[in-house]
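Inspection log for the structure reproduced underneath, given as structure tokens.
The values are calculated or read from the model by the stated rules, or taken from the named source; none is laboratory data. No experiment lies behind these values; they were computed from the predicted model shown. Cβ placement follows ideal geometry from the backbone for every residue including glycine, while neighbour counts extend to all protein chains displayed. Keep in mind that these areas ignore ligands, DNA and RNA; they rest on the heavy atoms of the full protein, side chains included. Shrake-Rupley method; radii C 1.70, N 1.55, O 1.52, S 1.80 Å.
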Amino acid sequence: MDPQGNAMAVWVNRKGQGAAEALTASRFSPATGWAAPVEVAAGLLARPTYDPPGLVFDGEGFVAAFTASSGTRLATYTTRFNPEAGTWSQPEARQAASDADTVTRMPRLVGDRRGNLMLIWATGAAPSFKLVYQRFAQGKWSQTTPLAAGSVTNQYFAISNYPLPIGINDSGLITLAWGNYD
């Protein structure tokens, strides 16, 4: 929700039995209520079974993070809602080029009150996944960076069973928890 009381909801919508799944959003305005749902990421197949989408307000607009497939593999994407235009940006894949042959899962997105964002996800090939992140600050995303040594990098990581809870405080301190299967 933004300071004016506008809100956004995002979810994955299946368009009928056996049909493709799409990332969908609806905007709430205190003056008019909920708007009709719109498809956010046309051409991408969202994956609700594994990874619910994330959504934050970053001081200027709403940012969504989600897992989807372009038809060949799962990837982590972000997209931004422009409140003035009433439109979502073209989704951007967040992987580094070195991760082109791996899948990504469990994107988690948090933001602080200054508009900084942290996106963390798991990447790799089963059964070995590593946690990586990108930070959004001063209008741009950082490079994909693995979490520091001592994380679950190169360990058997049961990502299907753990929600990766993440939080941020007003000072920008981020806390992340995960389960590790060995």
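Just one of the numbered conditions (1) of a type in the set (D, E, K, R); (2) at pLDDT 80 or above; (3) open to solvent by less than 60 Å² (accessible area, probe 1.4 Å) is not true of ASP99: (2). Of note, ALA64 does not satisfy the criterion of being at pLDDT below 90 and either open to solvent by less than 20 Å² (accessible area, probe 1.4 Å) or within 23 Å of ARG135 (Cα to Cα) (or both).
Residue by residue through region 18-29, note down the ones that are part of a loop (DSSP other than H, G, I, E, B) and either at pLDDT 95 or above or surrounded by 10 or more Cβ atoms within 10 Å (Cβ to Cβ) (or both).
Answer for region 18-29, where residues must be part of a loop (DSSP other than H, G, I, E, B) and either at pLDDT 95 or above or surrounded by 10 or more Cβ atoms within 10 Å (Cβ to Cβ) (or both): just ALA20.
Within region 110-121, the set of residues being in contact with a Leu (Cβ under 8 Å, 6 or more places away or on another chain) and farther than 13 Å from LEU131 by Cα comprises VAL110, GLY111, LEU117.
Could you run through region 72-94 and say how many residues are open to solvent by 60 Å² or more (accessible area, probe 1.4 Å) and assigned to a loop (DSSP other than H, G, I, E, B)? Qualifying residue count, region 72-94: 5. Looking across region 156-182 at every residue that is over 20 Å from THR76 (Cβ atoms) and at pLDDT below 75, the one that is least open to solvent (accessible area, probe 1.4 Å) is identified as ASN180.
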